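Heads up, the thing below is written out as structure tokens.
The values are calculated or read from the model by the stated rules, or taken from the named source; none is laboratory data. Being a predicted model, the structure only gives us computed values, none of them experimental. Counting neighbours? That spans all protein chains shown, and the Cβs are built from the backbone with ideal geometry, glycine included. Note: areas computed on protein heavy atoms with side chains; ligands, DNA, RNA excluded. Shrake-Rupley method; radii C 1.70, N 1.55, O 1.52, S 1.80 Å.
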Amino acid sequence: MLWVGAAATALAAVLFPHLEAVKNKDQPLWEFWPHDREGLLLVPLIIVLTIALFALLGAWAWSGARNRPAKVGLVCGILGFVGVLAFFLSAPIIFGGLAVTLGVEGRRRAGTEGRRNQALGAIVVGSVAFVIGAGVWVLA
């Protein structure tokens, strides 16, 4: 589940800026790989940062006791809101995706480990951060 969330988040973190280019710069939808210098550097960087964040922080939270995914997911959701300031790196999408992924795992564990409300908070706050981050790209 963690790696499915990582792949979906990395795809979204690259897709929404691409949709902005399609909308505002008349770039064809099928030309997915960027042709500018900035895009050639940022796309791989965003993918690597997303996978690294899920691998390090996500895996650490996933392996913890006392429903650590719920707690870490809520913090990541809050960081997603702060990440709106760094929207050009898709920070709200990345942190929001991680928050939702960890929140879902936290909800699964809540029956035995507690923190059901924190897990729900992680899902809600992460989803809102994700939507705001995507909205910045699509509506900008």
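Values computed for the structure shown
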{"item": "Among (1) open to solvent by 80 Å² or more (accessible area, probe 1.4 Å); (2) of a type outside the set (G, A, S); (3) touching a helix residue (DSSP H, G or I) at 6+ places or on another chain (Cβ under 8 Å) - the single one D26 does not satisfy", "result": "(3)"}
{"item": "Members of region 118-140 that are among the small types (G, A, S), in contact with a helix residue (DSSP H, G or I) (Cβ under 7 Å, 6 or more places away or on another chain) and either open to solvent by 70 Å² or more (accessible area, probe 1.4 Å) or in a helix (DSSP H, G or I) (or both)", "result": "A119, G121, A122, G126, S127, A129, G133, A134"}
{"item": "Of all residues in region 73-117 being assigned to a helix (DSSP H, G or I) and polar (S, T, N, Q), the one that is least open to solvent (accessible area, probe 1.4 Å)", "result": "T101"}
{"item": "Region 48-72, subset over 18 Å from G106 (Cβ atoms) and either in contact (Cβ under 8 Å) with a residue 60 or more places away in the chain or in contact with a helix residue (DSSP H, G or I) (Cβ under 8 Å, 6 or more places away or on another chain) (or both), residue least open to solvent (accessible area, probe 1.4 Å)", "result": "T50"}
